Each structure stands twice: as structure tokens, then as C-alpha cells.
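Data block below; observations after.
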Amino acid sequence: MKSITINGSQRESVGKKATKALRNAGQVPCVIYGGDKPLHFSAPELAFSKLVYTANAHTVVIALDNGVEYNAIMQDIQFHPVTDKIIHIDFYQIFEDKEITMEIPVHTVGSSKGVMNGGNLRMPYRKLRVKAIPSKLPDFIEIDITPLKIGNKLYITEIENEDYKFMHPDNTVVCQVRRSRLAVMTDDDDDEEEDGADDTAQE
């Protein structure tokens, strides 16, 4: 998984007055959890743009001005309700020998037979939760939708990977092709029509 480096400064004063002063100076107060004790630091708001404003998943290297670096993942972020400025970020320190859980984006490849015949591709999850040691976390989860015909469903058990574990029930539907009014049925799709019709009727 790709990593983003955030250059920051460790904070000694963590009171409301000090925090407000940091924000007024364009800095974002942050905390790293998961170590021996919480560590407070701050960094310029622009330093987080590649981490926050992207659909991709990243780990983070937090490089402090005292020369110490921490490997982490973003755990929580708070935005100002009016200006949408970042006002606080929580990170969780990660270690190479300890598994962590992250939400990983789903990327589709190929052209679904059912979609080409007029069906609609439905994807309930744009991200999936996986658990692994940091070095085994993927940048994204690739799903080949080429074989999917109208009425087909792809379950999470069909995309299992030995490098990481999905934190979803086995009956989780990752994607499916639903029949639309404009769908053109083919002989290949006939066997799946009953499932597609049942799903449509339930809506």
C-alpha cells in the first residue's frame, strides 16, 4: 500500500487556547493513538490534502521535527460545520507485526455481459473492510465483472485473498447485475432471469 508522509511538530500544550491558536495559524491539531501513550502533534492543513481528498487508501508516515517518525493510519477526522476546514485528525499507530483493519476501495475491470445487454451494475460497497498486517494491505480490491450476466451476483467469498481477510459476512454481495426495462435478454442470460426478476419485484 502506498504511504503519504506528513511533516509535523510535536505539541506540548494541548489546551483549548493553544488548539485555537494553532487553527488560527493554519495548523491542524492531531493525536496518534495506539502507542504507549497518546502523542499530540500539528501540521499545516495543506499537508493532509493528498490523504483526505482522495478515494484511495493510504498509510501515513508522520515525520516530526524532533526526528522521530511514526507509521499510522487515519482513524477519524473532524471538519468545521460551516467552512469545511479540517479541525482535528486522529491517527492510529501501526506496527509491521500487528494486523490492522482498513477500508479499501473497490475497482472494477472488464465489461459485464449483462451490462452490455442493458442490465444495471449495482455495487452496494465502494469500499470493503479488510484485515491484514500493513505490508499485505492492498491499494485497492480489483474485481473482474466480465462474466456477470443479468441476474448474477458476486459474493465476497468469491474474491477471497490469502494476503488479507474480509471483515464482512460470507453472504455479502459485492456487486450484481440487475435487469432493467431496456435489457435485452440472450440465451446466456435465460438461466439467471428468474433471480433478476425476483430482485426487481422486491423493490
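Which percent, to the nearest 5, of DSSP beta bridges fully inside the stretch 96-176 are antiparallel?
Working: 13 of 17 bridges.
Bridges in the stretch 96-176 are about 75 percent antiparallel.
About the Cα centre of the chain, what is the dipole size in debye to 20, counting +1 per Lys and Arg Cβ and -1 per Asp and Glu Cβ, all else neutral?
So the dipole magnitude of the chain works out to roughly 1560 debye.
What's the carbon and sulfur percent of the chain's accessible surface, probe 1.4 angstrom, rounded to a whole number?
Reported share for carbon and sulfur atoms: 46 percent.
What value, in deg cm²/dmol to 500, does the helix sum -39500 (n - 2.57) over DSSP H runs of n ≥ 4 give at 222 nm once divided by the residues of the chain?
Per the formula, -3500 deg cm²/dmol.
What lysines sit close enough to Lys131 to cross-link, taking a C-alpha to C-alpha distance under 17 Å and skipping anything fewer than 8 places away on the same chain?
The reachable lysines, counting only those whose Cα sits under 17 Å from Lys131, are Lys2, Lys98, Lys165.
From Cα pairs below 8 angstrom and at least 6 apart in sequence, can you work out the relative contact order of the chain, rounded to a whole percent?
18 percent
Which percent, to the nearest 5, of DSSP beta bridges fully inside the chain are antiparallel?
That works out to approximately 70 percent antiparallel.
Quick one: net charge around Cys175, please, counting Lys, Arg +1 and Asp, Glu -1 for every other residue with C-beta under 9 Å from its C-beta. Intermediate results must be reported in sequence, preceding the final value.
Details: positive: Arg122, Lys153; negative: none.
Around Cys175, the surrounding residues sum to +2.
What size of dipole, in debye to the nearest 20, comes out for the stretch 6-116 about its Cα centre when the only charges are +1 on Lys and Arg C-beta atoms and -1 on Asp and Glu C-beta atoms? If you can, show how the numbers build up before the last one.
Numbers: 10 positive and 12 negative charges, 100 e Å.
Using Cβ point charges on Lys, Arg, Asp and Glu, the stretch 6-116 gives about 480 debye.
Which order do peptides 61-71, 98-108 fall in by mean Cβ count within 10 Å, highest first?
Going by the mean number of other Cβ atoms within 10 Å, highest first, we get 98-108, 61-71.
Quick one: net charge of Pro138's neighbours, Cβ under 11 Å, K/R +1, D/E -1?
With Lys, Arg at +1 and Asp, Glu at -1, the neighbours total -1.
Could you compute the net charge surrounding Ile73? Neighbours are other residues with a C-beta less than 11 Å from the C-beta of Ile73; K and R count +1, D and E count -1.
-3
For the chain, with every protein chain kept in place, what is the accessible area per residue (1.4 Å probe, Å²)?
Ligands and nucleic acids excluded, the result is 60 Å² per residue.
Using the Cα centre of the stretch 67-178 as origin and beta-carbon charges of +1 (Lys, Arg) and -1 (Asp, Glu), tell me which of Gln93, Gly114, Pro138 is placed farthest towards the positive end of the dipole.
The residue sitting most towards the positive pole is Gly114.
The values are calculated or read from the model by the stated rules, or taken from the named source; none is laboratory data. Please read these numbers as outputs of a predicted model, since none were measured by experiment. Cβ coordinates were reconstructed from backbone atoms using ideal geometry, including for glycine residues, and neighbour counts include every protein chain displayed. What goes into the accessible areas is simple: the full protein's heavy atoms, side chains included, and nothing from ligands, DNA or RNA. Shrake-Rupley method; radii C 1.70, N 1.55, O 1.52, S 1.80 Å.
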